[in-house]
Amino acid sequence: MTSYRNMTQLSSKLSVNQLNELFTPLPFEKRLLMLGRVFRPQEVLYTSSFGTRSVMLLHLISRLRPWQKVHFINTTYHFQETLDYRNRIADAFGLEVVDVLPHPAQNEITRSERWWEKDPDLCCAINKVLPLEPIKARHKVWITGLMGYQTNFRSDLEVFEQQEDIIKFNPLIDIDEGEWHYYTSYHKLPRHPLEALGYGSVGCEHCTAKGKGRQGRWKGRGKTECGLHPVGAVTSVQEAQSE
């Protein structure tokens, strides 16, 4: 097993397999603390959707990495309840939230032509995937809130995953739903207001319906991810750029 000694100096040399070997045995809190021994603060990106399952990691970040900026991909199609929740959490936890916005002209085309109805994959690429690309390019590792119990795709992920030129860090990937509920109840964390109305997962308003877990996301479309996390995201971006 790779030694913990001189971790900062080793960061550029550690493979994803070595990172998984080091981090997987650790509980999620120690994983977040250990990240600071491997990567410098400016190398780490964190994004949050401020959805129904975001609050646990947001709370952990506020406690263990209080300097960490939170990038929020503002597609301009979020529920007002999500925007209000984002502001409430940011104030309560003392977080610095940075809005990531789509290109105004491209966003307006998706709005006027209602792309979420005819091509939701391309709509996601324009409003979610493309705006994050230049920000990802400035970082080496990307903290995500993915949890394996949420979807079949996510259940196959490890703590660290290589995605193109960035390493994804999924500190909560192997917790179960009971652990999520225990943590949020123990710390009395505020829940997304739409959860009480039957929304198990919340994304853009046009593509979110009521339903358990992620069943209400892109309902009836056979789509479970927006394109930020699956390997196929690159194809979506390239296609969007060629439009």
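Read-outs: derived from the displayed coordinates by stated rules, not from any lab. The shown structure was predicted, so the numbers you read here are calculated from the model rather than taken from an experiment. Heads up, the Cβs are rebuilt from the backbone with ideal geometry, glycines too, and the neighbour counts pull from every protein chain shown.
Here each label is just a point 7 Å from Cα along the line to Cβ, and for residue 108 and residue 182 those points are 5.2 nm apart. Bridging of residue 69 to lysines at a Cα separation below 24 Å is possible for 30, 128, 136, 140, 168, 188, once same-chain residues fewer than 8 apart are set aside.
Neighbour counting of Cβ atoms within 10 Å sorts the residues 181, 78, 139, fewest neighbours leading, into 181, 139, 78. On the basis of the beta-carbon distance and an R0 of 30 Å, residue 133 and residue 26 show a calculated FRET efficiency of 0.50. As a length-normalised measure over Cα pairs under 8 Å and 6 or more apart, the relative contact order of segment 27-100 settles at 34 percent. Computed on segment 57-212, with alpha-carbon pairs under 8 angstrom and 6+ residues apart, the relative contact order is 21 percent. Dipole magnitude for segment 97-199: about 380 debye, using +1 per Lys or Arg Cβ and -1 per Asp or Glu Cβ, origin at the Cα centre. Centre-to-centre separation between the Cα atoms of segment 36-50 and those of segment 76-129: 21 Å.
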